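Taken together, the values in this text are just the output of simple stated rules run on the coordinates, not laboratory data. Remember, it's a predicted structure, so these values are computed and weren't measured experimentally. All Cβ positions, even for glycine, are placed from backbone atoms using ideal geometry, and neighbour counts span all protein chains on display.
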Amino acid sequence: MPHRQRATQADDEHSNPPTLRSLNPENHEGIEAWFEDHEDNIQVFLIEMNRKQINIPKVLRFSWLRAKGFENLFQQLKHQMLKSFLELSGKIYPDLVNVFFTNLEFKNDMLLSSIKGILMEINKKTWKDVTGLKSRGVQVRKGETGVVPEFNKVQYYGQCLRNPAGEIKHFHVGGLKVDQRLLDMIVTLIFVSRGSNHSTLNEEDLILMYCIQHNIQVDWIYVFHD
């Protein structure tokens with residue numbers, strides 16, 4: 001009986017392991033290995049990073065697009081060869097993500113980090129291997145919209161509105177047509193994800209939407225890596 005009790009306790013401990021999120025600056029015994037005994041990084045994690053919420057990755061099923069009648073958007077995203085990337089799914093470990101970003105460095109156009117002494121790097125090849133995408137097309141980034149000469153921010157936004165009227169001074173998502181509103185969500189929640197201010201479109205959002213809707217191939221590896 002004692003052996004069975006110990007085994008049950010061990011199973012319980014394994015199935016419900018303590019999370020790093022439950023730790024505090026006064027009690028961090030056992031996590032030194034995650035940071036290779038870098039005390040400064042440990043304190044940054046416990047005081048700052050440990051409290052940050054991770055943006056849970058979003059998944060878009062192409063079968064759902066078709067079932068809901070978004071055939072144009074289905075074909076436009078397919079033309080960009082984004083199906084495999086948009087349907088990527090798997091387990092997420094928020095604590096490890098926070099540890100990764102706590103130990104993060106940027107060197108030679110690469111993101112470098114380590115967890116428990118395991119060195120990891122994210123470069124363009126990493127993006128290619130994970131997403132299956134190829135690095136080709138126009139290279140879009142914030143502040144560089146000249147790569148698509150025919151793009152006009154105000155004109156395109158006006159075409160996306162349900163009821164365009166008057167002078168356009170703000171670029172809110174509320175008045176967008178249904179297809180464009182969904183495309184905006186894909187762009188701002190997946191392609192150039194940000195934690196807040198999803199109610200306003202910036203220039204990068206709009207040019208990516210424009211390229212998708214006009215079948216202009218985008219170098220998505222460049223967008224993601226940037």
- Trp64/His172 FRET efficiency (R0 25 Å; Cβ-Cβ; nearest 0.05): 0.45
- Item | region 58-144 - percent relative contact order, Cα under 8 Å, separation 6 or more | 20 percent
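Please give the charge dipole size of the chain, origin at the Cα centre, charges +1 on K and R Cβ atoms and -1 on D and E Cβ atoms. Round to the nearest 20 debye.
1260 debye
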- Output the peptides 117-123, 170-176 sorted from most to least packed, where packing is the average of other Cβ atoms within 10 Å over each peptide's residues. 170-176, 117-123
- Could you pull the Cα extents of the chain along its three principal axes, largest to smallest, in whole Å? 75, 42, 34
- Size of the dipole of region 134-225 about the Cα centre, Lys and Arg at +1 and Asp and Glu at -1 on the beta carbon, nothing else charged, in debye to 20? 140 debye
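Let me know the volume per residue of the alpha-carbon convex hull for region 134-225, in Å³.
Roughly 98 Å³ of hull volume per residue.
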- Query: Considering amide H positions built from the backbone, and no H for Pro or chain starts, which residues 5 or more places from Val218, or on another chain, come under 5 Å of its amide H?
  - Reply: Val138
